[in-house]
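One structure is given here, and the rest of the page talks about it.
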Amino acid sequence: MIYNNGKQKLNGYPSPLASNEEKATNQYGLDYFKAMYYEWKNNGDVYFRDLKMRYARNRSYAEGTQDVGKYKDLLDVQGDSSYLNIDFTPVSIVPKFVDVIVNGMVNQEYDIKAKSIDPIAAKERMNKKKQMFADMYNKDFMEELEDQTGLPLTPDGFVAETNEEIDMFMALNYKQSVEIALEKAIEYTLDMNDYDETKRYMIRDLVILGLCAAKTEISKTEGVKIRHVDPANLITSFSAKPDFKNIRHAGEVYSMTIADLKQQAGHEFSEDDYIKIAKQYAGKNNNPMNYSTEAFYDNGNETYDYDKFSVNVLDAEFITSHSLNYEKKENRHGGYSVNKKPSNYKKPKNSQTKREDIGSTVKVIYKGKYIIDTDYIFNYGMMQDIPRPKSNLSETRLSYIIYQPNLYKMKSRSLVDRMIPFADQIQLAHLKIQQVLAKARPKGAAFEIGSLENVSKGDGGTFTPMELQEIYDQTGNIYYRRMDDEGQMTGAMPIQELENGIGRDFSTLINVYQHNLQMIRDVTGVNEARDASQPSSEALVGVQKLALLASNNATRDVNDAYLNVTRRISQSITIRMQDLINFKGLHKMYSNVIGDTSMHSIDMMKKLSIHEFGITLDVAPSEEEKQMMEQNIQVSLAQKELRLEDA
């Protein structure tokens, strides 16, 4: 496809230099989404099918449900295990380590802090600081004047005594009302979206798959929505950064029925279009090959056989440039007017009035849904309420928030990837142990029959070998002959104990099992102090704490990744909150929540739209850090370095 400006496709994608009108066409979106999907699917570095297979394998190991066929092949049973008394159920070693890491991070507490960083907020903060200095310098005078007049003249609340106390108060205690309002709104939004569950999904994805993703958007009825994105369905452009901030596009591949497609697409497709889509997916996605295209009525509703067909859809969005073209035109009264013009507008050559082109370029987001392997696209167009930071209104970012630690050429190895080779060896050792136990024989004895035959009873009779064995079993005594049938002396012992039992193989296999278990601890950093295994009885408490700290450091990149995503989700909520003033119902809903901290909640919401905020996460200290702080406080109190009220 060649666009009117003469620019051809670039690397399979439609030209980013196309006009605004051309980018708004369904054909442009179709070309972009097709190129986006097939580039990802056929990318040699990140082959889509291999990636999905790897994700499915990792998840099966993390659940302890991996395929046992590979173990049967290694045991050379060739699919026939009828002669083996072995339970092939996988040992749940990997699930244990995954749960230890995930649960430890899910329980981590943090507070989301909002700080306004725009000039207006900075001026308010400086005015507050000046007021505190004035209160401090006038404290003695105001107290004396109050005593003389009897009027309440001293300010309420905290009055500092030193400059250091003012600096500490401003850093730790001072919060502007708009900051408190935003923090309450973020907390409410996270609670409404059940973010604790979303967080658990993302941490599991980081541990099992090596990356996590979420998406934020505005619902006209529910406000800011946050949802987990399955990395197995995620498609992005190339990124060299682990936070994927520089990607041009992102999307998800998922399945829906044609009946659902009709609800979402509305009148964009005709019934003939749906028939063509059904024909493309016949025999795929477990759809039947044969079906009727005739309508029938079910409870008065017109339905078709293919309404139950499953089709694959790419739900995606991409960033592109958008030209803003205006013309400044003088009028006969000496003033001027500014009018918006199309992107291909050219001012007339012989104009009687002075005209001036005024234009700029901003980034915008187009989104839509492409039915894979067809030429159909629906719900395509420029995103409404595009999120933009107040400090740079020409910039924007996608709705997808992604993080992949240790990213290199779009690849990384997750903790489960590191565990799998050793988990396989543990499973094999476990199967071999079962095999050894199944073949183990009880303790027994070997009997030399010649020495036990014709043994005299002393009364003219003889013992049989079986009678002598019974005497031996009951009393431990044995009667036997030293002479053979030819009268020659023999040195053979009549009975020799057989140890049998499990033998040395069992101990060897246990060592193999323990070695690979330790290897999993080594490659993941999850040591005995972290996974709640029995610690050494000779290890000091301090040594155990150091071991736990070392283990936490080993998984720090995973912890930092999910905190990074949480912070960026909070930033996205902040930007989208500032757009909620355009929705009356949502504005009222959030105003009621923020009203808990401000009597002027509606005014607070209006103020949010003019402020620029920085979002940080205040991670709560661990139990060990709390104990260390308590000890330091007690030492400082004992040495009178701190007052009791300060502690």
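The values are calculated or read from the model by the stated rules, or taken from the named source; none is laboratory data. Keep in mind that what you see is a predicted model, and the values were worked out from it rather than measured. We place every Cβ from the backbone using ideal geometry, glycine too, and count neighbours over all the protein chains shown. Side chains are part of the model used for accessible areas, which takes the heavy atoms of the whole protein and leaves out ligands, DNA and RNA. Shrake-Rupley method; radii C 1.70, N 1.55, O 1.52, S 1.80 Å.
Here are a few things to note about the model shown:
- Dipole-positive endmost among THR149, VAL98, ILE226 within the chain (Cβ charges, Cα centre): ILE226
- The residues of the chain present an accessible area of 58 Å² per residue when probed at 1.4 Å with all protein chains retained.
- Theoretical FRET efficiency, 1/(1+(r/R0)^6), r = Cβ-Cβ of GLN474 and ARG413, R0 45 Å, to 0.05: 0.10
- In percent, rounded to a whole number, the relative contact order of the range 274-386 is 24, using alpha-carbon pairs under 8 Å and six or more apart.
- Length added when fully stretched, PHE88-ASN127, from 0.36 nm per residue minus Cα-Cα: 6.8 nm
- Take every Cα pair under 8 Å whose residues are at least 6 apart in sequence, average their separation, divide by the length of the chain, and the relative contact order is 18 percent.
- Paramagnetic reach from LEU17 in the range 337-364 [backbone N under 18 Å; point 7 Å along Cα→Cβ]: 343-345, 360-362
- Electrostatic dipole magnitude of the range 336-418 [Cβ: Lys, Arg +1; Asp, Glu -1; Cα centre; debye, to 20]: 360
- Using the rule -39500 (n - 2.57) for each DSSP H run of four or more residues, divided by the residues of the chain, the 222 nm mean residue ellipticity is -13500 deg cm²/dmol.
- Per-residue extension of 0.36 nm, minus the Cα-Cα distance of GLN488 and ALA438, leaves a gain of 13.6 nm for this segment.
- For the chain, carbon and sulfur atoms together expose 49% of the accessible surface, with a 1.4 angstrom probe and every protein chain in place.
- In the structure shown, the pairs LYS276/LYS308; LYS199/LYS390; LYS41/LYS276; LYS199/LYS588 are assessed against 18 Å; a Cα-Cα span above that value is assigned to LYS199/LYS390; LYS41/LYS276; LYS199/LYS588.
- For the pair LEU617 and MET142 in one chain, pulling the backbone fully straight at 0.36 nm per residue adds 167.0 nm over the alpha carbon distance.
- Positive-end residue, the range 152-308 charge dipole about Cα centroid, Cβ charges, pick of TYR195, TYR297, ILE180: TYR297
- Here the chain is treated with +1 on each Lys and Arg Cβ and -1 on each Asp and Glu Cβ, and its dipole about the Cα centre works out to around 4060 debye.
- Highest to lowest packing among 392-400, 454-462, scored as the average C-beta count within 10 Å: 392-400, 454-462
- Charge tally around ALA282: other residues with Cβ under 13 Å, Lys/Arg +1 each, Asp/Glu -1 each, net +2.
- Placing unit charges on each Cβ (+1 for Lys and Arg, -1 for Asp and Glu) gives the range 162-319 a dipole about its Cα centre, and among LEU261, PHE309, PRO242 the Cα reaching farthest toward its positive end belongs to PRO242.
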